[in-house]
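The structure appears below as structure tokens.
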Amino acid sequence: MKNIIYKGVFLLSVLFMVTSCEQNEIPQIDANGPTLAQFSSTSAVLATPEEGASTQVEVVLTTKSSTDRVINFEVDPSSTATSDQYTVGQLIVPANSYLGTLDVSGNFNALPESGSRNLILNLTGVDGNSDIFLANSTLNIEFFRKCAIVLEDFVGTWSGTGSWSESDGYTTEVVTTIDENGDLYINGLAFQWFTGWWGEVIVTNDPVKLNVDEETGALTIDEQFYITSSYNGAVQDPYNLKATGMVLNSCNKTIQIYPVFVQGGNAIDGTAWGDRFVETITLDQ
């Protein structure tokens, strides 16, 4: 074994965005004071599957009325979403209520395959009442496609940037297969780094099982045998592989994986030399 000191700590945190991202402080209710209107949230995210999705936006008033009140709003011209990519309902605060809700839905087919679009709504007033004060009157809703994760659709050849791609220009090509038990396997992760910068020759190699959470898109590889190799003709201790990662785009099949080699109990993840291994790859279609 080469006399190298391995070190590094690996941490991957997957952030899954929920519909309401940033809450406003709800104004204090004063039935006898002036009327204040505001969105209860300043931002929202709407992941839109093929069957469509919707969310409810809330507007709070600080006074009640014996009749329904229609809240007026407009689409900000800086919005990147086009009118065919969303549907917005009418915003009404019912009689004897402080709270009104606005239904907003996304159109999967009109949204781009990758990236997102945003809809910015501005409160402009309340029908029949010129004494309404507006506060926190802008709401930003981000729309993006959310495709179902089906393992059978994740089989094939993937290509993209490989481990240490930024510093050494490595690319990668990996292959995924499904066995008779329906388990997904991946092979080829970090091969270019292993045979290039690391300088060892792969003698034998087994694909590794890739676990995919079909709900969250989280990826894991539990530690398992990966490679036997030689260095300057000398047989080396075997290498296991483990990894974490996530599905970056379930529609165009882009994933990101952080592979870690394990040899003799030592973890090799690239951080000992300044760069963490990461592979960002897309299924060739």
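Taking the helices alone, the chain has a mean residue ellipticity at 222 nm of -500 deg cm²/dmol, built from -39,500 (n - 2.57) per DSSP H run of at least 4 residues and averaged over all its residues. Coupling constants for segment 96-106 follow from the phi torsions by the Karplus curve (6.51 cos²θ - 1.76 cosθ + 1.60, θ = phi - 60°), and in residue order they are 6, 9, 9, 10, x, 10, 10, 7, 10, 10, x Hz; glycine and proline get x. The equivalent ellipsoid that matches the C-alpha gyration tensor of the chain spans semi-axes of 53, 19, 15 angstrom, in descending order. Each residue of segment 59-108 gets 78 Å³ once the volume of the Cα convex hull is shared out per residue.
Spatially, segment 202-251 and segment 51-76 are offset by 50 Å when compared through their Cα centroids.
Place a +1 charge on the Cβ of each Lys and Arg in the chain and a -1 charge on the Cβ of each Asp and Glu, then give the dipole magnitude about the Cα centre in debye, rounded to the nearest 20. Write out the running numbers ahead of the final one.
On the way: 11 positive and 35 negative charges, 108 e Å.
Here the size comes out at about 520 debye.
Computed from label points 7 Å out along Cα-Cβ, the spacing between E215 and S97 is 3.1 nm.
By the Kirkwood approach, averaging reciprocal distances over each pair of separate Cα atoms, segment 192-285 gets a hydrodynamic radius of 14.4 Å. If you wrap segment 20-145 in the convex hull of its Cα atoms and look at it from every side, the mean projected area works out to 7.6 nm².
None of the figures in this text is laboratory data; all of them are computed from the coordinates on show. Bear in mind the structure is a predicted one, so any value in this text is a computation, not a measurement. All Cβ positions, glycine included, derive from the backbone under ideal geometry; neighbour counts span all protein chains shown.
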